[in-house]
Amino acid sequence: MKYISTRGQSEPLNFEQVLMKGLAADKGLYMPETWPRLSYEQISNLKYLSYDKLAHELITPYVGDVLSPYELEQIIYKSYSSFSNSEITPLIQLTNKEYLLELFHGPTLAFKDCAMQLLGSLFEFFLKKRKEKITIICATSGDTGAAAVEAIKDKAFIDLVVLFPKGRISEVQQRQISTSGSENIHSLAIEGNFDDCQLIVKNLLNNKEFCNKYNLSAVNSINWVRVMAQVIYYFYAALKLGSPGEKINFSVPTGNFGDIFAGFVAFKMGLPIEKLCIATNSNDALERFLTKGEYVVESVKATISPSMDIQIASNLERLLFECSDRNYKMIRNIMSNLNNEKKFEIDYHTLSKIKDLFIAKSVNEELTKRTIKDFWLEYNKLIDPHTAVGLRAGKNILPINEKIVYLATAHPSKFPEAVKSSIGLVPEIPISVKDIIKKKEIYTILGNEEKDVKEYFYENIYNLSREEF
Ligand SMILES: *Cc1c(COP(=O)(O)O)cnc(C)c1O
């Protein structure tokens, strides 16, 4: 399998190279050259497989020949052994048509672990083989950074630099990022919002000289391998609910469009999906986009679901690429408009293709809180604010006569303030992560300019011009 850039001006790469590189040199995102398409019968044969075995089947065509089947099996086994639930992503029935897919049983209690644990193991495997050292840079709205720290701490050959918006992530998230005590982890609190962090990271990744000097790579959902790993649980849930014989709806709390794009990939691979619901908080650029075909960036609003406080949904580029029949030129144009004017428009044909599969709904703060409360009263179970956004949006606009899976993206204890302000109860932190409350935090506060982060690198990160490498 080869991977191509959405902007059409970078060399095709193999799986190992795409993992290492993250963002393409032409600033595009990598996509598989073709979709591995499964027949009805092939999908039927995946039924009753364990999560590990299913992962192996689904990932194999993307990996190509850079890993042997045995190597891939070992990597998968290692990655998911850190999950506290033997099913990895258990599916909970709510009503006769509605289900909750719990994606928060990994070490940092959010769905990011599902992909990041695999990424960490893959990086370790390839770097060991290459005897090479890299620096991973990561912008986070809270959960990605935590998951990356957990996946990469104490791993040889890797330095991890995490940029988070100071004061805009929850205490549990911040502690997960800042208390690892591991020497290869660098936590940076940026005086700005998530989009500022993401812009700095993108600029550094686009700086060839800087990238070469630090052998820089990315684990944000711009990295194809993240998206790929998230495809697994769409299949896992759908197969349990009668797929491929039934079409399933999914409602996905969305920020950077990575998780829901994995649902689209599952669809492209042949999984029968009726609708994918893009659920957002008050940062509703995607809902407006689906209504009008015009994407307009506004300023980021801080909400009680901070992991979705994003205005520039990076992975939308992948969907636009696909739905415009892989029109590189158009992608280059609209991305340059987005960069210069903070908005872009798409043509009717592309928009209507998107609308065939996607619907979108934003959910405000009041309604998010009420949903947490209603859910508690009905099921005696707490949900986190992100999950509540997905639940509310899905209930409002998905057809209830068909099966719906709501993605539960975080454990409620990750966002105790939001849960408390909704129902007056503070959710219990699982024992497995409780000790972060006592641990010492280590992080550095920096301004929100590229130069501030560069300076940090010069002073703190080993680079390839030093002798030992
Ligand atoms: C990251 C995150 C999201 C948004 O996922 P995207 O892939 O960025 O769309 C939703 N909920 C939680 C809890 C998250 O951590």
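The values are calculated or read from the model by the stated rules, or taken from the named source; none is laboratory data. Remember, it's a predicted structure, so these values are computed and weren't measured experimentally. Virtual Cβ from ideal backbone geometry, glycine too; neighbours counted across all protein chains shown. To get the accessible areas, we keep the full protein, side chains included, count just its heavy atoms, and leave off ligands, DNA and RNA. Shrake-Rupley method; radii C 1.70, N 1.55, O 1.52, S 1.80 Å.
Evaluation of Ser243 against the conditions (1) in a loop (DSSP other than H, G, I, E, B); (2) farther than 24 Å from Asn463 by Cβ; (3) in contact with a helix residue (DSSP H, G or I) (Cβ under 6 Å, 6 or more places away or on another chain) shows that the sole unmet condition is (3).
Among residues of the range 434-447 that are within 11 Å of Ser180 (Cα to Cα), those with a beta-carbon under 7 Å from a residue that is of a type in the set (Val, Ile, Thr) and modelled with pLDDT of 95 or more at least six positions away or on a different chain give the pairs Ile436/Thr179; Lys439/Thr179; Lys440/Thr179; Glu441/Thr179.
In the set Pro412, Pro430, which member is free of Cβ contacts under 8 Å to residues at least 60 places away in the same chain, within 16 Å of the ligand (Cβ to nearest atom) and not basic (Lys, Arg)?
Only one candidate passes the filter, namely Pro412.
Filtering the range 266-289 to residues that are within 15 Å of the ligand (Cβ to nearest atom) and either in contact (Cβ under 8 Å) with a residue 60 or more places away in the chain or touching a Lys or Arg at 6+ places or on another chain (Cβ under 8 Å) (or both) leaves Leu276, Cys277, Ile278, Ala279, Thr280, Asn281, Ser282, Asn283, Asp284, Leu286, Glu287, Phe289.
Among the residues of the range 289-315, the one identified as of a type in the set (Lys, Arg) and closer than 15 Å to Gly192 by Cβ is Lys301.
Taking the range 246-265 as the search range and keeping residues that are in a loop (DSSP other than H, G, I, E, B) and not small (Gly, Ala, Ser), which one is farthest from the ligand (Cβ to nearest atom)?
The selected residue is Glu246.
Tell me which residues, restricted to the range 409-425, are closer than 19 Å to Ile169 by Cα and open to solvent by less than 70 Å² (accessible area, probe 1.4 Å).
If the condition is that a residue be closer than 19 Å to Ile169 by Cα and open to solvent by less than 70 Å² (accessible area, probe 1.4 Å), then Thr409, Ala410, His411, Pro412, Ser413, Lys414, Phe415, Pro416, Ala418, Val419, Ser421, Ser422 are the ones that fit.
The residue that is nearest to the ligand (Cβ to nearest atom), counting only those in the range 103-118 that are of a type outside the set (A, V, I, L, M) and over 17 Å from Leu19 (Cα atoms), is Phe111.
Taking the condition of being farther than 18 Å from Leu58 by Cβ, open to solvent by 20 Å² or more (accessible area, probe 1.4 Å) and not polar (S, T, N, Q), how many residues in the range 206-241 meet it?
Here is the first cut: in the range 206-241, the ones farther than 18 Å from Leu58 by Cβ are 206-220, 222.
From the residues that got through so far, the ones that are open to solvent by 20 Å² or more (accessible area, probe 1.4 Å) too are 206-209, 211-213, 215.
Restricting the remaining residues to those that are not polar (S, T, N, Q) gives 208-209, 211, 213.
Qualifying residue count, the range 206-241: 4.
Criterion applied to Ser336, Ser307, Ser314, Ser324 was being more than 18 Å from Asn364 (Cβ to Cβ), of a type in the set (Ser, Thr, Tyr) and within 14 Å of the ligand (Cβ to nearest atom), and the one residue passing it is Ser314. The single condition from (1) under 24 Å from Val18 (Cβ atoms); (2) touching a strand residue (DSSP E or B) at 6+ places or on another chain (Cβ under 8 Å); (3) free of Cβ contacts under 8 Å to residues at least 60 places away in the same chain that Tyr62 fails is (3). Among the conditions (1) open to solvent by 40 Å² or more (accessible area, probe 1.4 Å); (2) under 30 Å from Ile437 (Cβ atoms); (3) at pLDDT below 95, Glu402 misses just one, which is (2).
Per this entry, Glu246 is not counted among residues that are free of Cβ contacts under 8 Å to residues at least 40 places away in the same chain and surrounded by fewer than 21 Cβ atoms within 10 Å (Cβ to Cβ). Take Glu428 and decide whether it is touching a helix residue (DSSP H, G or I) at 6+ places or on another chain (Cβ under 7 Å), over 19 Å from Thr144 (Cβ atoms), open to solvent by 10 Å² or more (accessible area, probe 1.4 Å) and among the charged types (D, E, K, R). Spelling it out, Glu428 is indeed touching a helix residue (DSSP H, G or I) at 6+ places or on another chain (Cβ under 7 Å), over 19 Å from Thr144 (Cβ atoms), open to solvent by 10 Å² or more (accessible area, probe 1.4 Å) and among the charged types (D, E, K, R). Among all residue pairs at least 6 apart or on different chains, which show Cβ distances below 9 Å where the first residue, located in the range 314-342, is among the β-branched types (Val, Ile, Thr) and the second is open to solvent by 20 Å² or more (accessible area, probe 1.4 Å)? As it stands, the answer is Ile331/Arg7; Ile331/Gly8; Ile334/Glu345; Ile334/Ile346, since those pairs meet every condition given. Residues in the range 378-385: is at least one more than 12 Å from the ligand (Cβ to nearest atom) and within 20 Å of the chain's Cα centre (by Cα)? For the range 378-385, residues more than 12 Å from the ligand (Cβ to nearest atom) and within 20 Å of the chain's Cα centre (by Cα): absent.
With respect to being surrounded by fewer than 24 Cβ atoms within 10 Å (Cβ to Cβ), in a loop (DSSP other than H, G, I, E, B) and either at positive phi or under 18 Å from the mean Cα position of the chain (by Cα) (or both), Gly270 fits the description. Taking helices (runs of 4 or more DSSP H) as the structural unit, those lying wholly within the range 29-145 and holding at least 1 residues that are of a type in the set (Ser, Thr, Tyr) and open to solvent by 30 Å² or more (accessible area, probe 1.4 Å) correspond to 40-44, 51-63, 69-80.
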